[in-house]
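For reference, the structure I am asking about is given below.
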Amino acid sequence: MRLMTIMTLAALTFPYPAVAHDIYTDWQRPDVGGSCCNGIDCAPTTAYWDGKRWMAMYQGKYISVPPEKILKRKNPDGNAHLCAAQLIAPTGVTIYCFMPPEAKF
């Protein structure tokens, strides 16, 4: 029982969200400045180039990424990343930043 309590407390105090969001902390919005991430709106995603624009997966469907939202910096892990939130917008989604997979700038 004592071991179970210690393990539970250790799991609850380990900073999983902070570690997961460390790569986003210095990302700045390319269009208007300011942070891309508020601690919960950035995550790895799947994405593809359709020949004209980037399409990124958000909540189970692909959305078009406006060119002004694309980060032009070295990709930290080669994966696509999207910082977005479900807000009032023409598409229902506000994109803050997008990192294409394996971006080389």
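Starting from the amide H of N75, placed 1.01 Å from N in the peptide plane, find each other amide H under 5 Å away whose residue is 5 or more places distant or on another chain.
When sequence neighbours closer than 5 places are left aside, the close amide H contacts are A103, F105.
Using the reciprocal of the averaged 1/r over all distinct C-alpha pairs, how large is the Kirkwood radius of segment 36-105 in Å?
Details: mean 1/r = 0.0826 Å⁻¹.
About 12.1 Å, per the Kirkwood formula over Cα pairs.
Further question on the same structure: If I stretch the segment between L87 and V32 completely, what's the gain in nm (0.36 nm per residue apart, minus their alpha carbon distance), one decimal? Before the final figure, lay out each step's value.
On the way: separation 55, 0.36 × 55 = 19.80 nm, distance 1.75 nm.
Going from the current span to full extension adds 18.0 nm.
We did not get these values from a lab; they are worked out from the coordinates using the rules stated. What you see is a predicted model; the values in this text were computed from it and never measured.
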